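For reference, the structure discussed in these notes is given below.
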Amino acid sequence: MPEEGEPGAPARAGGSRRPPSVTRDTARPEGGGRAAAGDAPAPARQWPLLSVLLAVGLGLLMVAVEPFDSAFRIGLVIIGAALMTGAALRWTLPSVGMLAVRSRFTDISTYGVLGVAIVLLALMAQPRPWLNVPFLEDAVHFTVR
């Protein structure tokens, strides 16, 4: 076996293309830079995340307080729409600040699927659902005899 430094010897850790066996840092997610310039105040740099969080907070407040009939349903639709907006922002903007958590594909699919699921479940909630899906009703009757 050749000695270190000789031709045919394995490359040292600094010259190898292999990743190190011990990771010392975490890579920033794709699009994880600031959404505004560095000299802007912190809320302006993170406006995509703050807009999604404010909409989710408004929906949660509406569900908790329930100021009118069907407020829980409208609040949940607002929460789902906020998540779908987060997916759209992640897809269209090159830099979304802390809204970028994982890769672009993972963020978009996670925000989108959860948003659509929350909206659909809110529309199908009992009593008096706003959306009636007949095959789901048949599936429930078939499984719960």
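The values are calculated or read from the model by the stated rules, or taken from the named source; none is laboratory data. Since the structure is predicted, the reported quantities are computational estimates derived from the model, not experimental observations. A quick note on method: Cβ atoms are made from the backbone with ideal geometry, for glycine too, and the neighbour counts reach across all protein chains shown. Side chains are part of the model used for accessible areas, which takes the heavy atoms of the whole protein and leaves out ligands, DNA and RNA. Shrake-Rupley method; radii C 1.70, N 1.55, O 1.52, S 1.80 Å.
May I ask you to verify whether Val77 is open to solvent by 40 Å² or more (accessible area, probe 1.4 Å), modelled with pLDDT of 95 or more, assigned to a helix (DSSP H, G or I) and among the hydrophobic types (A, V, I, L, M, F, W, C)?
yes
Somewhere in region 124-145, is a residue within 16 Å of Ala55 (Cβ to Cβ) and part of a helix (DSSP H, G or I)?
no
Only one of Gly86, Gly115 is closer than 28 Å to Ala37 by Cα and surrounded by 15 or more Cβ atoms within 10 Å (Cβ to Cβ); which?
Sole residue among the options that is closer than 28 Å to Ala37 by Cα and surrounded by 15 or more Cβ atoms within 10 Å (Cβ to Cβ): Gly86.
Leu121 - would you say it is modelled with pLDDT of 95 or more and either polar (S, T, N, Q) or open to solvent by 80 Å² or more (accessible area, probe 1.4 Å) (or both)?
no
Going by the structure shown, is Glu137 farther than 30 Å from Ala44 by Cβ, modelled with pLDDT under 90 and acidic (Asp, Glu)?
For Glu137, the condition - farther than 30 Å from Ala44 by Cβ, modelled with pLDDT under 90 and acidic (Asp, Glu) - is met.
Which numbered condition trips up Met84, out of (1) at pLDDT 95 or above; (2) not in a helix (DSSP H, G or I)?
(2)
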